[in-house]
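Throughout, read-outs are computed from the coordinates displayed, never taken from laboratory work. Quick caveat: nothing in here was measured; it's all calculated off a predicted structure.
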Amino acid sequence: MNCRPSHKIMALRLQYQGLSRFSRLLMASRRNNSSGDSDSSGAIRSAGGSWAHKEMAAEELYFRKLEAEKLEKLKKEVLKDHQEEINFHEESIKDLQEQIKRHAEKINRYQKKLEDQKK
């Protein structure tokens, strides 16, 4: 109960933003290299034709699935962290309500003592 989990949620949000930026950069670099001008391209891709298109589609599908899996994992972590934060706040509320009750009882005791002294 000593540390709030909101810092972890913020870190996950930043990680998600970085992931989406990375995927956009990766897609852009693949589009730029798909022309076959670069030596870093594979032999099939640089040869062109239907094999190159099939290879590009398979590669694209692989990275989309990979990104979807990472995104799903990140969503689950965020949900878990939100639940932890809710639990933290509920426990804090419970503790504060107990303190309020304890102070109200003290007030009642002091008021009874004052009334008894006035009699």
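Data for the structure
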| item | result |
| --- | --- |
| Anchor LYS70: lysines whose Cα lies under 20 Å away (excluding residues fewer than 8 positions away in-chain) | LYS8, LYS80 |
| Alpha carbon Rg of segment 75-117, scaled by the compact-globule rule 2.2 N^0.38 Å | 2.04 |
| Extended-chain gain in nm, criterion 0.36 nm per residue less alpha-carbon gap, ASP116 and LYS76 | 8.4 nm |
| Candidate aspartates and glutamates for bridging to LYS73, where Cα separation is under 15 Å - those fewer than 8 sequence places away on the same chain excluded | ASP81 |
| Potential extension, ALA68-GLN99 segment - 0.36 nm per residue separation minus Cα distance | 6.5 nm |
| Aspartates and glutamates with Cα under 15 Å of LYS106, excluding same-chain neighbours fewer than 8 positions away | GLU98, GLU115 |
